[in-house]
Amino acid sequence: MTTVLIADDQPLQRYGFRMLLESAPGLTLVGEAEHGADAVRLTQLLRPDVVLMDVRMPGMDGIEATRRITADGDRTRVLILTTFDLDEYVYAGLRAGASGFLLKDARPEELIAGIRTVAGGDAVVAPSVTRRLMDAFAGTVPDPARRPAAAEDPRLGRLTDREREVLVAIGLGRTNLEIAESLVLTESTVKKHVGRVLAKVGARDRIQAVILAYDAGLVGPGTR
């Protein structure tokens with residue numbers, strides 16, 4: 001069973017999610033939070049597998065709640081729910097440690113699949129959406145070509161040359177198949193490289209690896 005906590009300040013929204021979760025095999029709703037502080041408290045108490053996190057809530061918002069939940073280093077993963085696919089809060093939420101995001105008007109089967117994907121240790125943001133997301137917020141990330149010289153992120157020193165190439169490709173939002181074609185590798189080999197890259201840099205999923213690639217200056221606005 002995958003346990004789920006809902007965090008949303010709208011009672012009607014929580015009701016809709018509750019009805020959906022109660023009808024989905026393999027998913028169990030363990031609690032509901034009305035604001036961020038409540039979400040953090042209930043997560044510590046109930047240790048759910050996944051928190052469905054709204055970003056706009058009174059008091060402590062979903063971004064800060066996500067940051068506090070993921071900082072605990074527990075197994076709980078956060079799936080952000082937002083009204084707009086390029087909401088300014090989504091980028092901040094992913095940076096805070098969320099494992100992805102979905103729209104609130106996603107089809108029921110998409111939300112259920114997203115919860116299961118996140119619970120399984122992967123991200124729900126597809127590479128194509130990742131590319132759009134990063135492009136939309138490219139202005140918040142300095143162009144590496146214009147960046148002053150700085151010490152390289154120590155996590156990059158753990159990577160082999162090939163793994164570094166794979167991280168760059170992940171940062172560009174490429175799928176495993178696209179990476180395989182560009183590096184002339186089999187898709188299964190790429191999958192192994194991706195797993196090693198995530199483990200070495202301490203990223204929980206591809207989304208966190210994308211953020212690292214941008215922060216480290218491996219990719220930036222206009223990079224393709």
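Here, each number is a calculation from the coordinates, and none is a lab measurement. In this text the structure is predicted, and so the values were computed from the model without any measurement. Quick reminder, even Gly has a Cβ in these numbers, built from the backbone with ideal geometry, and neighbours come from all protein chains shown.
Tabulated data for the structure shown
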read-out: Inter-label distance for residue 13 and residue 106, nm, one decimal - labels placed 7 Å from Cα along Cα-to-Cβ; value: 1.4 nm
read-out: Within straight-line cross-link reach of residue 200, lysines at Cα separation under 27 Å, skipping those fewer than 8 residues along the same chain; value: 191, 192
read-out: Residue order, fewest to most beta carbons within 10 Å, for 52, 27, 46; value: 46, 27, 52
read-out: Difference of contour (0.36 nm per residue) and Cα-Cα distance, residue 41 to residue 75; value: 10.7 nm
read-out: Other-chain or far-sequence residues with amide H under 5 Å of residue 77's (modelled H); value: 50, 51
read-out: Exposure proxy order (Cβ contacts within 10 Å, fewest to most) of 12, 172, 79; value: 12, 172, 79
read-out: Distance (nanometres) between label positions extended 7 Å along Cα→Cβ at residue 122 and residue 181; value: 1.9 nm
